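To start, the structure itself, in structure tokens.
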Amino acid sequence: MDIRPLTGGLGAEIIGADIRAEDQFPAIMQAFADHSVIVLRDQKVAPDDHLSFARRFGPINVNRFFQAVPGHPEIAMVLKEKDQTEAVGEGWHTDHSYDVEPAMGSILHALEMPPFGGDTLFVSMGAAYEALSPKMRAFLDGLSAVHSSRHVFGSDIKDSEAAQSGRLGNAQAATQYAIHPVVISHPLSGRRGLYVNPVFTTHIQGLAPAESESILAMLYEHCKQPEFQCRVRWRVGDVTMWDNRATWHKAINDYHGHRRLMHRVTVEGVSLS
Ligand code: SIN
């Protein structure tokens, strides 16, 4: 298999791999550890192959809020129909950061792509952290932040297009609330990285609301710099896996009038404290 970095700091595309082949898993796992985002081009996988690949990394974390693929409750459907305007995952986020043990990784399989656009952007949270000044890193190092699912998946969104169309549901289950360090040591590599995100993080503990808001706003602007990013240009059949403890991601909603369908499987993680 041929592993080609996408940028200087994050992501790689892998040509010539087959996620169904057990003997290729160690090399794929190593690429995932090295690059945090891996794009496995041109896969021929059925839903059960997608699940078997995910289980090699760990147990499946079943998403509570996304519509599931019929017959496959462990696979979430990430869908935008051609007459819809909102895409799932448009804001910069880290999947499941509202859980006490947040998901380690997510695996997205492209089934239908628009004729243009529909890319996904990723940020390296390790690179973003390392680019902060030593004094800012020292300030952030002792802090913790609160993450919640309520304001994103709870009853507040009942009038949104995603809830009205049934793409998101189960609002009564949006009770998750977790506290994580603002800076984590990656559970596998030990690399230090920021672990706050604009969608699920509500505030930094122990700061006044205005202070927390300002610090988070500064960090979010800092993290969005293109130097920390990579962009995945999807083709039908691609499977992309990312590490939620090392990255943010964002779906680009620039293909109105066209359908985009992905299947997502999420893998369980561990406590980050
Ligand atoms: C997601 O946020 O999991 C979906 C990303 C995408 O559809 O590109």
Item to complete: Straight distance only, please: which lysines reach the Cα of residue 82 with their own Cα at less than 27 Å, same-chain residues fewer than 8 apart left out?
Response: 44, 158, 250
Practice prompt. In Å³ and rounded to a whole number, note down the convex hull volume per residue for the Cα atoms of the chain.
Written response: 122 Å³
Worksheet item: ³J(HN,Hα) across segment 51-60 via Karplus (A = 6.51, B = -1.76, C = 1.60, θ = phi - 60°), whole Hz, x for Gly/Pro?
Response: 5, 5, 4, 4, 5, 5, 8, x, x, 7
Discussion item. Amide H of residue 183 versus every other amide H placed in the peptide plane: which residues, excluding those fewer than 5 positions away on the same chain, fall under 5 Å?
Written reply: 143, 195
Worksheet item: Between 139, 32, 53, which gets the highest mean-square fluctuation from a Gaussian network model of the chain, Cα cutoff 10 Å?
Response: 139
Worksheet entry | Extension gain, residue 25 back to residue 52 (0.36 nm per residue minus Cα-Cα distance, nm) | 8.6 nm
Item to complete: Give a residue-ordered list of calculated ³J(HN,Hα) values for segment 226-238 (Karplus: 6.51 cos²θ - 1.76 cosθ + 1.60, θ = phi - 60°; whole Hz; x for Gly, Pro).
Response: x, 4, 9, 10, 9, 10, 9, 9, 7, 10, 3, x, 5
Worksheet item: Given the options 49, 119, 243, which has the most mean-square fluctuation in a GNM of the chain, springs set between C-alpha atoms less than 10 angstrom apart?
Response: 49
Fill in: Helix-only mean residue ellipticity at 222 nm for the chain, each DSSP H run of n ≥ 4 adding -39500 (n - 2.57), per residue, nearest 500
-6000 deg cm²/dmol
Discussion item. If I build a Gaussian network model for the chain, linking alpha-carbon pairs within less than 10 angstrom, which residue out of 222, 203, 109 has the largest mean-square fluctuation?
Written reply: 222
Worksheet item: Hey, rough spin-label estimate for residue 217 and residue 155, points 7 angstrom out along Cα→Cβ, what's it come to in nanometres?
Response: 3.1 nm
Worksheet item: Any idea how far apart residue 86 and residue 210 come out in nm if each label point goes 7 Å out from Cα toward Cβ?
Response: 3.2 nm
Worksheet entry | Cα-based reach from residue 80 at 19 Å (exclusive), listing aspartates and glutamates while leaving out same-chain residues under 8 positions away | 90, 95, 112, 119, 159, 161, 238, 254
Fill in: R0 of 35 Å, Cβ-Cβ distance residue 236-residue 185: FRET efficiency to nearest 0.05
0.40
Worksheet item: Can you give the percent of C-alpha pairs in segment 141-273 whose distance is more than 24 Å?
Response: 43 percent
Fill in: Potential lengthening between residue 173 and residue 101 on full extension [0.36 nm per residue; Cα-Cα distance subtracted]
24.2 nm
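Coordinate-derived values only; no laboratory data. Just so we're clear, the structure is a prediction, and the values are computed from it rather than from any experiment. Glycine gets a Cβ as well: all are built from the backbone with ideal geometry, and neighbour counts include every protein chain shown.
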